[in-house]
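Structure first, then comments.
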Amino acid sequence: MNILNDFKFGKNIIGVDEVGRGCLAGPVFAAAIKLDQNIFPKGINDSKKLNKHQRMKIFKELTSKCEYSIGIASVKEIEKFNILQSSLLAMNRALEKINIKDYVILVDGNFSPDKNKNIKTIIKGDQKCISIAAASIIAKVSRDLLMEKLSIKFPNYNWEKNYGYGTKKHLEAIKKFGITEHHRKTFSPIHNLLIN
């Protein structure tokens with residue numbers, strides 16, 4: 001991934017991405033990170049293209065050396081506002097925790113979390129811009145760690161492996177054990193089970 005893809009937008013760059021939109025359980029996470037070409041570790045890529053070990057290694061390097069922030073939108077907010085608005089809310093919360101003055105903000109996707117900020121939306125940005133890819137890694141690992149923690153309290157749902165996504169085993173567990181407070185009741189697979 002070429003770092004110049006980011007710097008064509010300016011010298012001061014913040015990358016933003018979210019994770020967890022397609023999950024049946026758990027909140028949505030977003031991360032914002034300031035790009036410093038002298039600090040970024042090698043091997044950064046879209047978090048979906050890295051294995052767990054690679055993500056964790058890069059996550060530890062990024063979080064120990066770079067300025068970053070995390071925003072979260074809860075399951076209740078997802079059910080109240082819908083997943084798109086909740087993803088944008090999580091992004092905004094991440095941006096509120098980091099100094100954005102004089103920075104260009106690169107956001108994955110085609111929706112801007114805030115029209116008043118200096119934001120550039122980039123479709124497939126996590127595959128094109130190193131700052132967005134770094135944000136995707138921070139958001140992904142942070143959310144995965146939460147789901148692993150929740151899986152200790154709710155061991156029937158395999159969240160330590162599926163992280164809340166609608167795998168076959170997860171759906172079977174929902175049918176067998178019902179839902180928890182962490183499940184998104186408005187999402188169609190769960191909604192359909194509840195009304196049948």
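Brief remarks follow.
- Value of relative contact order over the chain, rounded to a whole percent, pairs C-alpha under 8 Å and six or more apart: 31 percent
- Ordering Asn92, Val107, Gly71 by Cα displacement along the dipole of the range 56-110 toward the positive end leaves Gly71 in first place; charges were set at the Cβ atoms of Lys, Arg (+1) and Asp, Glu (-1).
- Most fluctuating residue given options Lys124, Lys52, Lys168, as computed from a GNM of the chain linking Cα atoms under 10 Å: Lys168
- Percent carbon-and-sulfur accessible area, the chain, ignoring ligands, DNA and RNA, probe 1.4 Å: 52 percent
- Couplings for the range 125-137, taken from phi via the Karplus curve 6.51 cos²θ - 1.76 cosθ + 1.60 with θ = phi - 60°, read x, 5, 9, 10, 10, 5, 5, 5, 4, 4, 4, 5, 5 Hz in order; Gly and Pro are left as x.
- Accessible area (Å², 1.4 Å probe, nearest 10) - Tyr165: 80 Å²
- Links that overshoot a 30 Å alpha carbon limit, given the list Lys57/Lys149; Lys8/Lys140; Lys34/Lys115; Lys117/Lys169: Lys117/Lys169
- Taken about its Cα centre, the range 87-196 carries a charge dipole of about 160 debye when Lys and Arg each add +1 at the Cβ and Asp and Glu each add -1 at the Cβ.
- Radius, Kirkwood style, for the range 2-118 when every pair of distinct Cα atoms is counted (Å): 15.0 Å
- Legend: residues Ile3, Ile137, sorted from most to least accessible area (1.4 Å probe; ligands, DNA and RNA excluded), read Ile3, Ile137.
- Heavy-atom accessible area with a 1.4 Å probe sorts Leu62, Leu50, largest first, into Leu50, Leu62.
- Heavy atoms of Ser112: accessible area, 1.4 Å probe, square angstrom to 10: 30 Å²
- What the chain shows is 52 Å² of accessible area per residue, with the surface traced by a 1.4 Å probe over protein heavy atoms.
- Enclosing the Cα atoms of the chain in their convex hull gives a volume equal to 113 cubic angstrom per residue.
- In this Cβ point-charge picture (+1 for Lys and Arg, -1 for Asp and Glu), the range 44-98 has a dipole of about 280 debye about its Cα centre.
- Debye intensity ratio I(q)/I(0), log10, the range 82-196, q values 0.11, 0.16, 0.19 Å⁻¹ (C-alpha model): -0.49, -0.88, -1.05
- Most mobile listed residue (Ser47, Ser151, Ser69) in the chain, GNM with C-alpha springs under 10 Å: Ser151
- List Leu35, Leu89, ordered by accessible area with a 1.4 Å probe, largest first: Leu89, Leu35
The values are calculated or read from the model by the stated rules, or taken from the named source; none is laboratory data. What you see is a predicted model, and the numbers here were worked out from it, not measured in a lab. With ideal geometry, Cβ positions are generated from the backbone for all residues, glycine too; neighbour counts draw on all protein chains shown. Note: accessible area is taken over every heavy atom of the protein model, side chains too, but ligands, DNA and RNA are not part of it. Shrake-Rupley method; radii C 1.70, N 1.55, O 1.52, S 1.80 Å.
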